[in-house]
Amino acid sequence: MADLLVRGGTVVDGTGAPGRRGDVRVRGGVIVEVGPDLAVDGEAELDAAGATVAPGFIDTHTHFDPSLWWDPSGDPMALHGVTTVVQGNCSLSLAPLEAAQRGFVSDVFSFIEDIPLSAFERAIPWSWVTWAQYRAAFDAVGAGVNVAALVGHSALRLYVMGDESLERAATDAERTALGAVLAECLAAGAHGLSTSFADRDRQGRPVPSRRADDEELAALARAMHGGGRVLQFVPEPRDHEVRSGQVERVHRACAGTDVRGTWVQLATGGIAGEHVAAVLDQAGRTQASGAGVYPQVSPRRFDVRVDLDNTMGFASMPLWNQWSQSDRAAKLARLADPAWRERARREWDETPLSTFPKQRMHKLRITALPDGPDRRFEGAYFPVVQAEHPEAHECDVFADLLLANRCEVGLTVVGLANEDVDGLAALFRDGRVVVGASDAGAHLNSLCGAGDTSLLLARHVAERGDFSLEHAVHILTQRPAQVFGIRDRGVIAPGHAGDLVVFELDRITWPEDHLVHDLPDGSSRLRRPWGGYRATVVNGVPTQVEGTQTDARTGRMLDGGARPLPV
């Protein structure tokens with residue numbers, strides 16, 4: 001931690017109050033003074049003249065758990081003003097975990113979040129079992145971002161129940177043990193629990209958290225009571241009625257506690273837009289009658305690159321999911337097999353809506369093709385191909401396109417969700433939701449979640465004027481800190497952490513992502529370049545200045561603490 005004086009800026013303090021001219025002094029990583037014309041007192045200086053000085057942004061839904069071990073900078077989060085990430089989401093965390101369980105958790109994490117399994121095996125030190133040991137190992141290395149970490153429910157169940165966590169609900173004794181271990185994790189600094197009602201492992205089995213019953217959820221909520229904790233969950237994404245019931249399930253489990261629920265994600269546009277009003281009504285009712293359940297909303301339109309060699313697009317389609325995990329020769333053999341094609345057509349028709357837009361193929365854009373007769377389709381949407389085969393099943397037309405081009409086809413699902421920008425603006429003005437759901441750090445070859453902060457500022461404030469800069473900063477800082485129980489962050493005030501971002505609004509951009517090959521095994525990920533921020537500061541030390549990341553590793557795993565924050 002270091003001493004720093006940020007001079008000459010307009011302080012937008014995170015509370016929503018109007019910006020004011022002022023300097024910010026940080027000593028030992030903590031803000032000690034805010035005011036105009038502060039005298040230099042031996043600390044390093046950062047020029048903020050003509051710029052806004054805001055609390056560092058908080059990204060509430062990421063999966064940097066594995067990648068911070070091979071890239072402690074957390075690239076590119078500092079380049080977009082982010083100083084704290086919430087990880088351990090979707091029932092997945094790297095602790096608590098026995099040595100014999102690491103392979104299973106790595107495989108599930110790799111499968112669900114589209115991160116190469118080899119990276120888990122090569123780059124994570126696995127020097128811990130308990131949460132306290134995990135936090136100590138992380139803090140010994142440090143990072144370019146702070147981490148507010150959740151305990152993954154699937155990892156917790158596996159740790160307590162072993163392989164039977166995949167098969168059944170917990171017994172009375174196991175519920176007691178689950179609550180006790182969770183309490184130990186919280187005492188060691190965890191901010192809460194994450195669970196999933198939707199995910200499956202590579203073999204198609206429900207993840208362990210899906211075997212929990214209502215009694216188990218309530219027991220775990222009681223174990224979290226008293227510290228302003230959070231229970232993050234993934235509901236069924238395709239069926240509004242089922243999802244609504246799962247929100248109620250979490251609300252009931254947390255009744256009588258101060259544990260807040262939050263889920264990913266509320267989207268606008270298309271089918272999703274039909275249910276926004278009902279979702280908001282439900283959120284408001286839960287928040288009025290208890291700690292509440294908060295939907296998370298991302299500003300990003302979900303354009304998803306279809307990686308034919310991983311799981312993002314086909315996870316809910318077992319036959320195609322198995323196909324995506326096979327090698328190139330096996331892929332081509334199956335596409336040429338009439339019996340496989342018949343089963344594929346049946347699955348295509350019978351499986352409900354999925355991430356891959358079957359039966360919504362007007363959203364599928366063909367972005368790359370090798371030289372050959374089909375090259376004329378490059379840049380077109382799939383219906384252009386379908387129109388040349390009007391009597392054929394769209395599953396067969398798709399399979400033929402892949403087969404004819406030996407699976408060397410670039411595909412992007414355009415506008416899977418969040419196409420309604422006006423609707424998004426209305427959500428960001430609504431106190432019943434929280435900005436989140438970026439998924440940064442996951443689905444590395446399908447989407448880049450990093451940079452949602454820049455998109456919100458550039459589009460909704462600078463370009464459209466949907467709300468004030470002060471409101472935008474508030475919903476990126478103090479508001480998520482309150483909902484997630486992140487202590488001493490999200491506001492510029494004495495006693496709060498020296499996490500800051502300095503920027504000129506008219507310089508903020510949301511650049512297009514691009515592929516880089518920098519994972520431990522040399523494989524690729526989508527990365528978003530610098531968003532135009534002058535500086536990002538973590539615990540008093542700059543982590544990026546004018547688009548160049550520093551070697552600072554002052555980020556730590558934050559202590560969930562016992563002091564609840566008002567909402």
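The values are calculated or read from the model by the stated rules, or taken from the named source; none is laboratory data. Note that the coordinates shown come from a computational prediction; the quantities given were computed from them, not determined experimentally. Here the Cβ positions follow ideal geometry from the backbone for every residue, glycine too, while neighbour counts run over all protein chains shown.
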Name the single residue, out of those in region 253-284 being assigned to a loop (DSSP other than H, G, I, E, B) and among the aliphatic types (A, V, I, L, M), that is farthest from residue 215 (Cα to Cα).
267
Being surrounded by 15 or more Cβ atoms within 10 Å (Cβ to Cβ) and outside any helix (DSSP H, G or I) is the filter here; which residues of region 368-379 pass it?
369
Which of the residues belonging to region 381-405 are in a loop (DSSP other than H, G, I, E, B) and exposed (fewer than 15 other Cβ atoms within 10 Å of the Cβ)?
387, 388, 389, 390, 391, 392
Members of region 208-242 that are of a type outside the set (A, V, I, L, M) and without any contact (Cβ under 8 Å) to a residue 12 or more places away in the chain:
241
Criterion violated by residue 189 - all others in (1) part of a helix (DSSP H, G or I); (2) under 19 Å from residue 133 (Cβ atoms); (3) not charged (D, E, K, R) satisfied:
(1)
Output for Cβ contacts, cut-off 6 Å, separation at least six or different chains, first residue within 26 Å of residue 228 (Cα to Cα) in region 193-207, second among the small types (Gly, Ala, Ser), reads 194/88; 194/91; 194/152; 195/91; 195/209; 196/91; 196/209
Is it true that some residue in region 192-203 is within 26 Å of residue 106 (Cβ to Cβ) and over 20 Å from the mean Cα position of the chain (by Cα)?
yes
Looking for whichever is out of contact with any Leu (no Cβ under 8 Å at 6 or more places or on another chain) and farther than 18 Å from residue 484 by Cα here; the options are 292, 204, 226. Which one fits?
204
Residue satisfying all of: in region 321-367; among the hydrophobic types (A, V, I, L, M, F, W, C) and assigned to a loop (DSSP other than H, G, I, E, B); farthest from residue 397 (Cα to Cα) among these:
353
Filter result (more than 12 Å from residue 401 (Cα to Cα) and without any contact (Cβ under 8 Å) to a residue 12 or more places away in the chain) within region 352-375:
360, 371
Return only the number of the condition from (1) polar (S, T, N, Q); (2) within 23 Å of the chain's Cα centre (by Cα); (3) surrounded by fewer than 24 Cβ atoms within 10 Å (Cβ to Cβ) that residue 130 does not satisfy.
(2)
Mind listing whichever residues of region 128-150 are closer than 22 Å to residue 449 by Cβ and either in a helix (DSSP H, G or I) or of a type in the set (A, V, I, L, M) (or both)?
138, 143, 145, 147, 148, 149, 150
If I ask for residues that are among the acidic types (Asp, Glu) and within 21 Å of residue 482 (Cβ to Cβ), which ones from region 412-469 would you list?
430, 452
So which residues in region 4-43 are among the charged types (D, E, K, R), buried (at least 18 other Cβ atoms within 10 Å of the Cβ) and outside any strand (DSSP E or B)?
13
Among the residues of region 44-58, how many are of a type in the set (A, V, I, L, M), assigned to a loop (DSSP other than H, G, I, E, B) and either crowded, with 19+ Cβ neighbours inside 10 Å or in the same structural domain as residue 140 (by TED's automatic domain parsing) (or both)?
2
Quick check on region 102-117. Is at least one of its residues over 29 Å from residue 355 (Cα atoms) and at pLDDT 95 or above?
no
Within region 292-304, take every residue that is at pLDDT 90 or above and out of contact with any Lys or Arg (no Cβ under 9 Å at 6 or more places or on another chain) and give me the one that is surrounded by the fewest Cβ atoms within 10 Å (Cβ to Cβ).
301
If you take the residues of region 107-127 that are within 19 Å of the chain's Cα centre (by Cα) and not in a helix (DSSP H, G or I), which of them is surrounded by the fewest Cβ atoms within 10 Å (Cβ to Cβ)?
116
Give me the pairs: first residue in region 300-321 and more than 18 Å from residue 206 (Cα to Cα) and of a type in the set (S, T, N, Q), second residue modelled with pLDDT of 90 or more and part of a loop (DSSP other than H, G, I, E, B), beta-carbon distance under 6 Å, and six or more apart or on different chains, which are they?
310/114
